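Each remark here refers to the structure printed beneath this line.
Throughout, read-outs are computed from the coordinates displayed, never taken from laboratory work. None of these values were measured; they are calculated from a predicted model.
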Amino acid sequence: MGTISARVPDELEEELDAYVEAENLDRSTAVRKLLTERLSEVRRERALSMLDSGEVTLSRAAEIAETDTWELARLAKEREISWVDDDGLAADLEDL
C-alpha cells in the first residue's frame, strides 16, 4: 500500500478532524474512505459523460464506472441520458 502526503488548508483539516470524530475512525481510514468514495463518484461522472457524448456503449460505461450495467442504466435514466442512438434503433427495428 502506498503513502500519500498532502498539505491542506486549516479549515479542511478541521473538517476532516470533525469527520474522524463523528465517524469514530482513525485519520488514515477516514482519508482512505473519503478518497475512495470521491474517486468512485468521479468514475461514474466520467462514464456518464462519455455515454452521453456517444463515446462509449452502456456496457463500456458501466466498466469505466466500475458498476453493473443496470445501475449505470438507472443513473443514465435519472439524468435523461439516452444510450440508444436513432440509427441503431431503426436498424434493430428493421431486423425484426
- For the chain, what is the mean residue ellipticity at 222 nm derived from helices alone (per DSSP H run of n ≥ 4: -39500 (n - 2.57); sum divided by total residues; nearest 500 deg cm²/dmol)? -23000 deg cm²/dmol
- Note on the structure: Taking only Cα atoms of the chain, the Rg to Rh ratio with Kirkwood Rh works out at 1.20
